[in-house]
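Working notes for the structure below.
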Amino acid sequence: MAITSAIRNSFKAEILKAVHNFTASGGDTFNIALYTSSATLNKSTTAYSSSNEISNTSGSAYSAKGAALTSVTPALSTDTAVCDFNDVSFTSASFTANGALIFNDSASGDPAVCAIAFGSDKTVTSGTFTIQFPTADASNAIIRIA
C-alpha cells in the first residue's frame, strides 16, 4: 500500500466536461479526507472511499469524508492555471494520518481530484492537526494545470 501525490488522471478529462467547479462563490464543495499508511492513493484513484480512512480516537475532531475545504477562485500564474484552498485544521484531535484525498463532494460518486502523500505518518494527540496548502503559483499550487 502506498500514497503517491498526484493529480488524478480522470480529473483531467472531467474538468473539460465541467464536472468540477472550483469557483469560491457558488462552486462545488470539495473535501479533504485523511488516510492511514494502509491506503493506496495515486493518479488512478477514481473517487472517495472510506477504506483505510483514519478514525479519530478522541471522538470529536474527525468524521468520515474529512473536512470541507474553502476554495479560492482559480487564477492564472504566468501561463499556469492554479487552484488554492484555505488551510484546514482538525482541533482536539487524536489520530495518525499518512496522506489525504481531495474530492468533489458535490458531484455524483464523489470523484477524486488529487492524492497528497505526507511522506510519513503524522500523529496528533489531543491537539490541532493542520493541513497547510502551498502558495498558489505556477510552481507550488496544490492543483496546477499548465
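May I ask you to verify whether L69 is exposed (fewer than 15 other Cβ atoms within 10 Å of the Cβ) and either touching a strand residue (DSSP E or B) at 6+ places or on another chain (Cβ under 7 Å) or within 19 Å of L16 (Cβ to Cβ) (or both)? Spelling it out, it is not the case that L69 is exposed (fewer than 15 other Cβ atoms within 10 Å of the Cβ) and either touching a strand residue (DSSP E or B) at 6+ places or on another chain (Cβ under 7 Å) or within 19 Å of L16 (Cβ to Cβ) (or both). The residues on offer are D87, D110, D79, and the sole one that is out of contact with any Pro (no Cβ under 8 Å at 6 or more places or on another chain), closer than 19 Å to A39 by Cα and acidic (D, E) is D110.
At least 2 residues being among the β-branched types (V, I, T) and under 27 Å from K12 (Cβ atoms) is the threshold, and among the strands (runs of 3 or more DSSP E) wholly inside the stretch 30-146 those reaching it are 71-77, 80-85, 88-104, 112-131, 143-145.
Checking A47, A18, A2, A24 one by one, the residue that is within 12 Å of the chain's Cα centre (by Cα) and hydrophobic (A, V, I, L, M, F, W, C) is A47 and no other.
Out of curiosity, is T23 closer than 26 Å to T135 by Cβ, modelled with pLDDT under 95 and either surrounded by 16 or more Cβ atoms within 10 Å (Cβ to Cβ) or hydroxyl-bearing (S, T, Y) (or both)? Criteria met by T23. Annotation note: of D105, D79, D84, the sole residue that is in contact (Cβ under 8 Å) with a residue 60 or more places away in the chain, out of contact with any Cys (no Cβ under 9 Å at 6 or more places or on another chain), more than 21 Å from I3 (Cβ to Cβ) and open to solvent by 20 Å² or more (accessible area, probe 1.4 Å) is D79.
The values are calculated or read from the model by the stated rules, or taken from the named source; none is laboratory data. Source: prediction; values computed, not measured. Every residue, glycine as well, gets a Cβ built from its backbone with ideal geometry; the counts of neighbours run over all protein chains shown. When the accessible area is computed, the model is the full protein with side chains, heavy atoms only, and any ligands, DNA or RNA have been set aside. Shrake-Rupley method; radii C 1.70, N 1.55, O 1.52, S 1.80 Å.
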